[in-house]
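Peer 1: Quick one: the structure is below, and I'll ask about it shortly.
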């Protein structure tokens, strides 16, 4: 299978840069107030007006953003970035001024960042295989969590703050205690392929993770009250899920998978596909849902961001070079 995760996140960016093509969009985040969408750009973050879909400004960064998340108050962005095989960093960015504070520099890429719901903790992980946690606003390193034997690809705090989940190319999802900073459990199924992403539903009752490689293509669901850690797989067919998100629907959440078959899949918690959003011409690496749950953004290797509604309509296509 072409471009397994790891290279899927890094090789296209290098290739695009060498040919002066549009770089892939590898990270997206809507602001909590719903007014802005932030996407990865060439050594920058691109800030879009979510109402007009116009590019409003650029925030320079040293590398390529692999993950972007807003602190719940909306004033601060956390960014995991890097240049493959050369350098990486975790940075905090003042969203209003664009001022950058680097929390950590590494010898290789950082791939995942997550804030706790109350904004007092920031977790980050990447190619080093560890998860670092800082307390805010003091920016003090609180813990370094060791257990993964491969790149950390995703992080998510539970809404109630009772656990932190991490996913990895080592084919595991680990659940950590955010008080003792010890591993509480590892989801026990004998998985055969890398885990590319993890997400937790806004209600906190469901965790999903994306398993995808040469053998298995599935979203797996864990109901967080299941102390045994049993998970349920949902086959995604030709789609190797590369990123995950949730939409808060009127009655319950829906799962979203960004896919290697150039689509977004919107799935009910029961597993059936509600929508398949097609329009990209390359792998979809990132997905983000607006705060009001009305729109989903997708970022692709084709260098575009697409905005969709949940009726399945393409609302806009965003490119940095659009006139």
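The values are calculated or read from the model by the stated rules, or taken from the named source; none is laboratory data. For clarity, every value in this text was computed on a predicted model and none was experimentally measured. Note that we place each Cβ from the backbone using ideal geometry, even for glycine, and neighbour counts take in every protein chain shown.
Peer 1: I need the full set of residues from the range 291-315 which are buried (at least 18 other Cβ atoms within 10 Å of the Cβ) and assigned to a strand (DSSP E or B), in order please.
Peer 2: 295, 296, 297, 298, 299, 300, 305, 306, 307, 308
Peer 1: I would also like to ask the following. For the range 155-163, indicate whether the set of residues that are within 22 Å of residue 68 (Cβ to Cβ) and surrounded by fewer than 17 Cβ atoms within 10 Å (Cβ to Cβ) is non-empty.
Peer 2: yes
Peer 1: Here's something else I'd like to know. Going residue by residue through the range 124-131, is there one that turns out to be assigned to a strand (DSSP E or B) and more than 12 Å from residue 111 (Cα to Cα)?
Peer 2: Checking the range 124-131: not a single residue is assigned to a strand (DSSP E or B) and more than 12 Å from residue 111 (Cα to Cα).
Residue by residue, here is whether (1) surrounded by fewer than 21 Cβ atoms within 10 Å (Cβ to Cβ); (2) at pLDDT 95 or above; (3) touching a helix residue (DSSP H, G or I) at 6+ places or on another chain (Cβ under 9 Å); (4) under 18 Å from residue 164 (Cβ atoms) holds:
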{"residue": "87", "(1), (2), (3), (4)": "yes, no, no, no"}
{"residue": "90", "(1), (2), (3), (4)": "no, yes, no, yes"}
{"residue": "94", "(1), (2), (3), (4)": "yes, yes, no, no"}
{"residue": "124", "(1), (2), (3), (4)": "no, yes, no, yes"}
{"residue": "133", "(1), (2), (3), (4)": "no, yes, no, yes"}
{"residue": "138", "(1), (2), (3), (4)": "yes, no, no, no"}
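Peer 1: Further, regarding this structure: Regarding residue 81, is this residue within 21 Å of residue 157 (Cβ to Cβ), over 16 Å from the mean Cα position of the chain (by Cα) and part of a strand (DSSP E or B)?
Peer 2: no
Peer 1: Sticking with this one: Yes or no: residue 153 closer than 21 Å to residue 91 by Cβ, in contact (Cβ under 8 Å) with a residue 40 or more places away in the chain and part of a strand (DSSP E or B)?
Peer 2: In short, yes.
Peer 1: Considering only residues that are closer than 16 Å to residue 177 by Cβ and surrounded by fewer than 19 Cβ atoms within 10 Å (Cβ to Cβ), which ones fall in the range 140-150?
Peer 2: 142, 144, 146, 147, listed by residue number.
Peer 1: Quick one: which residue in 119, 128 is surrounded by fewer than 23 Cβ atoms within 10 Å (Cβ to Cβ), within 23 Å of residue 81 (Cβ to Cβ) and at pLDDT below 95?
Peer 2: On inspection, the qualifying residue turns out to be 128.
Peer 1: Could I ask something else about it? Looking only at the range 167-192, count every residue that is in a loop (DSSP other than H, G, I, E, B) and in contact (Cβ under 8 Å) with a residue 24 or more places away in the chain and tell me the total.
Peer 2: 11
Peer 1: Collect the residues in the range 164-180 that are over 16 Å from residue 142 (Cβ atoms), surrounded by fewer than 20 Cβ atoms within 10 Å (Cβ to Cβ) and in contact with a strand residue (DSSP E or B) (Cβ under 7 Å, 6 or more places away or on another chain), keeping them in residue-number order.
Peer 2: Listed by number, the residues that qualify are 171, 175.
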